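Data first, discussion second: the structure below is written as structure tokens.
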Amino acid sequence: MKNFLITGGAGFIGSNFVVSLLNKYLDYHVVVYDKLTYAGNLENLLQVTDNPRYTFVKGDICDATLVSETVQKHQIDTIVNFAAETHVDRSIMDADAFMNTNVQGTYVLLETARKLGLERFHQISTDEVYGDVPEGIASLESDPVAPRSPYAASKASGDLMTLAFYTTYQLPVTITRGANNIGPYQYPEKVVPLFATNAIDNIPLPVYGDGRQKRDYQYVLDHCRAVDRVLHQGKIGEIYNIGTGHEMENMTMVRIILDTLGKPESLIRHVEDRPGHDRRYSLNVEKIQDLGWEPKHSLAQAIELTAQWYRDNEWWWRKIKEGDFQTYYEAQYGDRLRAAQ
Ligand code: NAD
Ligand code: TYD
């Protein structure tokens, strides 16, 4: 394991992972393979742009020819698949790209790994594949998948195909299912960066429904360390949940953001809920803890650090929010916010 193809490496978690991997393992080479969709951003990788062990290839994971050529040219032995369409609200508006990238794209990568006999294929998945989790229960890796949004269904499909390649062809696969990540370089459509940047600009924070939904907001670098742990110590063919194992209501998360930024609660707007909104996710994380991993940040610390990063890095997010984002924002929130006045 030395030559990595990191798909989706220009996105939020992928870029954080690439930087950590290159800093930690001085003999590893990383090729970031990324389509640069609206969510991909080479500015996330500025810290490694000049690193001789880093290469960038612009490409789509659905393009079997380019994937295969890239793997062969760079003598890739390990694929870590972060590439995905990732936002639930966009999947509700239009699921086409989710089906292409998250289902077909994952299949293309698996088939390439199989044909070229790679050492490892690692699939980055999500707690959302377990669906809505009732109070008192924490999802185990052995639980059946029960996705409820088009995004979650597409990710569950990717997981199932990954497991099928292990069972059928003995492809050496591992899967991690992470809870909500937050931290530097997250595209400001996701709730924590959206709310932090709105608060900085003194504009309303659109809370879906009563805001009492529960999520495990983990710090992105904790998640990246856990993926690293699974790559190096995980058992082939296994799934590992990754999260703090604690959840928080969205209203609590909102208040921590506002407190951190010194902004008033009058910015909160309760708006029409997301259709099919999963009320709660909760992961049992004993299996990853058994590999010796622990998160270094609590949920509250992760939220504070994230809000502070957005306060201190307007150079990164302001131009994103001024571009095509405005069209998305109006489609997603325009009527909701007007109705909530
Ligand atoms: P992101 O949206 O920030 O980045 C996704 C990246 O994938 C972008 O750089 C984009 O350009 C690239 N991409 C999209 N389609 C592609 C294609 N067809 N070919 C090549 N590249 C393509 O996503 P993220 O939040 O960093 O999530 C990364 C992975 O982690 C995803 O698989 C996601 O499902 C999973 N995940 C995310 C979270 C979270 O809270 N963000 C939690 C658990 C799991
Ligand atoms: P999100 O960041 O979209 O992640 P996911 O839905 O994949 O967990 O949303 C996190 C939580 O925040 C979820 O319960 C939905 C809620 N939310 C809002 O209340 N308002 C918003 O504008 C967004 C984007 C999310």
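Among helices (runs of 4 or more DSSP H) entirely within region 144-238, having at least 2 residues that are crowded, with 21+ Cβ neighbours inside 10 Å and either more than 14 Å from ligand 1 (Cβ to nearest atom) or more than 20 Å from the chain's Cα centre (by Cα) (or both) singles out 191-200.
Taken over region 248-273, the criterion of being within 20 Å of the chain's Cα centre (by Cα) and surrounded by fewer than 16 Cβ atoms within 10 Å (Cβ to Cβ) is satisfied by GLU249 alone. Residues in region 288-306 that are within 16 Å of ligand 1 (Cβ to nearest atom) and not in a loop (DSSP other than H, G, I, E, B): ILE288, LEU299, ALA302, ILE303, LEU305, THR306.
Just to be sure, is VAL103 within 14 Å of ligand 1 (Cβ to nearest atom), in contact with a helix residue (DSSP H, G or I) (Cβ under 9 Å, 6 or more places away or on another chain) and part of a helix (DSSP H, G or I)? The answer is yes for VAL103. Here ALA113 meets each of (1) in contact with a Leu (Cβ under 9 Å, 6 or more places away or on another chain); (2) away from ligand 1 (no atom under 16 Å from the Cβ); (3) assigned to a helix (DSSP H, G or I); (4) not aromatic (Phe, Trp, Tyr) with one exception, condition (2). Residue count for region 25-48 under the criterion of being of a type outside the set (A, V, I, L, M, F, W, C) and within 15 Å of ligand 1 (Cβ to nearest atom): the result is 9. Do the conditions hold for GLY245, that is, is it part of a loop (DSSP other than H, G, I, E, B) and crowded, with 17+ Cβ neighbours inside 10 Å? Answer is yes for this residue.
Residue-wise test of (1) of a type in the set (Gly, Ala, Ser); (2) touching a Pro at 6+ places or on another chain (Cβ under 7 Å); (3) away from ligand 1 (no atom under 16 Å from the Cβ); (4) farther than 15 Å from ALA179 by Cβ.
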position: GLY245; (1), (2), (3), (4): yes, no, no, no
position: LEU261; (1), (2), (3), (4): no, no, yes, yes
position: PRO264; (1), (2), (3), (4): no, no, yes, yes
position: VAL285; (1), (2), (3), (4): no, no, no, no
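From the list TRP317, TRP309, the lone residue that is touching a Pro at 6+ places or on another chain (Cβ under 7 Å) and within 20 Å of HIS87 (Cα to Cα) is TRP317.
Inspection of region 45-53 identifies no residue that is modelled with pLDDT of 95 or more, within 17 Å of the chain's Cα centre (by Cα), under 30 Å from GLY131 (Cβ atoms) and of a type outside the set (Lys, Arg). Among the residues in region 84-98, are any crowded, with 18+ Cβ neighbours inside 10 Å, away from ligand 2 (no atom under 16 Å from the Cβ) and over 16 Å from ARG148 (Cα atoms)? No, that holds for no residue. Selection of region 319-332 for residues being without any contact (Cβ under 8 Å) to a residue 12 or more places away in the chain and part of a helix (DSSP H, G or I) yields LYS319, GLU322, GLN326, THR327, TYR329, GLU330.
Restricting the first member to region 91-119 and to residues that are under 15 Å from ASP60 (Cα atoms), and the second to residues that are of a type in the set (S, T, N, Q) and surrounded by fewer than 19 Cβ atoms within 10 Å (Cβ to Cβ), the beta-carbon pairs closer than 7 Å and six or more apart or on different chains are THR112/SER68. The single condition among (1) surrounded by 15 or more Cβ atoms within 10 Å (Cβ to Cβ); (2) touching a residue at least 12 places away in the same chain (Cβ under 8 Å); (3) outside any loop (DSSP other than H, G, I, E, B) that CYS62 does not meet is (3). Within region 114-133, restricting attention to residues that are buried (at least 18 other Cβ atoms within 10 Å of the Cβ) and of a type in the set (Gly, Ala, Ser), the residue that is nearest to GLU238 (Cα to Cα) is SER125.
Yes or no, residue by residue, for (1) of a type in the set (A, V, I, L, M); (2) within 15 Å of ligand 2 (Cβ to nearest atom); (3) in contact with a Lys or Arg (Cβ under 8 Å, 6 or more places away or on another chain); (4) closer than 26 Å to ILE124 by Cβ:
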site: THR244; (1), (2), (3), (4): no, yes, no, yes
site: MET253; (1), (2), (3), (4): yes, yes, yes, yes
site: ASP259; (1), (2), (3), (4): no, no, no, no
site: LYS263; (1), (2), (3), (4): no, no, no, no
site: ILE268; (1), (2), (3), (4): yes, yes, no, no
site: PRO275; (1), (2), (3), (4): no, yes, no, yes
site: ASP278; (1), (2), (3), (4): no, yes, yes, yes
site: LEU283; (1), (2), (3), (4): yes, yes, yes, yes
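Residues that are in contact with a Pro (Cβ under 6 Å, 6 or more places away or on another chain), farther than 19 Å from THR101 by Cβ, within 12 Å of ligand 2 (Cβ to nearest atom) and modelled with pLDDT of 95 or more occur in region 177-198; there is at least one. Restricting attention to region 1-24, the residues that are part of a helix (DSSP H, G or I), within 15 Å of ligand 1 (Cβ to nearest atom) and buried (at least 19 other Cβ atoms within 10 Å of the Cβ) total 9.
The values are calculated or read from the model by the stated rules, or taken from the named source; none is laboratory data. Values in this document were obtained by computation on a predicted structure and should not be read as measured data. Note that each Cβ is placed from the backbone with ideal geometry, even for glycine, and that neighbours are counted across all protein chains shown.
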